[in-house]
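All remarks here apply to the structure that follows.
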Amino acid sequence: MKSIMETDRLILRQMEWSDLNDLKEMLFDPRVMYAYEHNFTEEDAKVWLERQLNRYEQFGFGLWAMVEKKSGEMVGQAGITWQECEGEKVLEIGYLLKYRHWHKGYASEAAIACRNYAFSVLNAEWICSIIKEDNFASQQVAKRVGMKPEKEFMATYYNGPVKHLLYSVRREEI
């Protein structure tokens with residue numbers, strides 16, 4: 001398993017097929033996945049993981065396993081992906097944690113590391129997070145990363161168009 005970066009409490013590394021059960025713990029939990037408004041299946045989880053493996057190959061980055069150093073447990077995933085925003089490709093920081101690891105600061109810690117990686121390694125000029133309008137916890141994480149709301153737009157994932165906010169930060173703002 002290839003480690004990408006470390007923070008005080010976390011290791012972010014490429015996911016592999018042995019992470020599927022940890023991934024399913026997140027994807028199958030409606031509390032974690034409420035923003036997606038979709039019940040994930042076994043096949044959905046495999047497609048999700050395969051997408052990350054393909055992103056590593058194609059771009060050199062994607063959503064990485066977020067592993068707690070102390071326990072060695074995969075507590076979530078965080079990383080950088082190309083996403084669509086009103087017909088434009090944007091570089092996005094995404095994060096998802098197992099429910100039992102919410103409210104420990106892991107999302108903010110990993111997202112800040114991803115922001116720094118985007119600016120220093122990928123040489124990005126700006127990075128964003130696309131967040132469902134009622135996902136206030138993720139909006140707080142984006143603010144801790146230094147992001148500000150830039151615009152509202154409609155995004156379509158599984159169940160039709162839903163209002164989202166684009167949070168972003170530019171390199172010179174950090």
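Rounded to the nearest 20 debye, what is the charge dipole size of segment 121-174 about its Cα centre when +1 sits on each Lys and Arg Cβ and -1 on each Asp and Glu Cβ?
100 debye
Treating only the Cβ of Lys, Arg, Asp and Glu as charged (+1, +1, -1, -1), what charge dipole size does the chain show about its Cα centre? Round to the nearest 20 debye.
Dipole size: approximately 520 debye.
So which residue, out of M66, M147, M33, gets the largest mean-square fluctuation from a GNM of the chain using Cα contacts under 10 Å as springs?
M33
When a/c is below 1.5 the answer is rounded, else prolate if a/b is larger than b/c, else oblate, so apply that to segment 40-98 with a ≥ b ≥ c taken from the square roots of the Cα gyration tensor eigenvalues.
Judged from the Cα gyration tensor, segment 40-98 comes out prolate (a/c at least 1.5, a/b above b/c).
Once you've got the Cα coordinates, tell me which of K69/K148; K2/K163; K89/K163 are over 28 Å apart. List each step's numbers first, then the result.
Numbers: K69/K148 30 Å; K2/K163 36 Å; K89/K163 18 Å.
Check vs 28 Å cut-off fails for K69/K148; K2/K163.
So which trypsin sites (Lys or Arg not before Pro) in segment 79-154 pass both tests, a DSSP loop state and at most 14 other Cβ atoms within 10 Å of the Cβ?
Taking segment 79-154 and a limit of 14 other Cβ atoms within 10 Å, the loop trypsin sites (Lys or Arg not before Pro) found are K104.
Tally Lys and Arg at +1 and Asp and Glu at -1 over the other residues with C-beta under 12 Å from the C-beta of F119: what net charge comes out?
Local net charge: 0.
Considering only protein heavy atoms and a 1.4 Å probe, what is the carbon-and-sulfur percentage of the accessible area of segment 71-174?
Carbon and sulfur together cover 50 percent of it.
Work the Kirkwood hydrodynamic radius out for segment 27-134: mean of 1/r over every pair of different alpha-carbon atoms, inverted, in Å.
Every distinct Cα pair counted, the radius reaches 14.8 Å.
Quick check: Cα centre of segment 84-113 to Cα centre of segment 8-42, how many Å?
When both Cα centres are located, 12 Å separates them.
Tell me the net charge near K104. Cut-off is 14 Å between Cβ atoms, K104 excluded, with +1 for each Lys or Arg and -1 for each Asp or Glu. Kindly include the intermediate steps, with their values, before the conclusion.
Values: positive: R9, K69, K70, K98, R100, R144; negative: D8, E68, E73, E109.
Summing Lys and Arg as +1 and Asp and Glu as -1 gives +2.
Contact order normalised by length for the chain, with contacts defined as Cα pairs under 8 Å and 6 or more residues apart; what percent is it?
It rounds to 18 percent for the chain.
Taking each pair of distinct Cα atoms in segment 100-174 once, what is the resulting Kirkwood hydrodynamic radius in Å?
13.1 Å
The values are calculated or read from the model by the stated rules, or taken from the named source; none is laboratory data. Here the structure is a predicted model, which means the values were calculated and not measured. Note that we place each Cβ from the backbone using ideal geometry, even for glycine, and neighbour counts take in every protein chain shown. These accessible areas exclude ligands, DNA and RNA; they are computed on the full protein's heavy atoms, side chains included. Shrake-Rupley method; radii C 1.70, N 1.55, O 1.52, S 1.80 Å.
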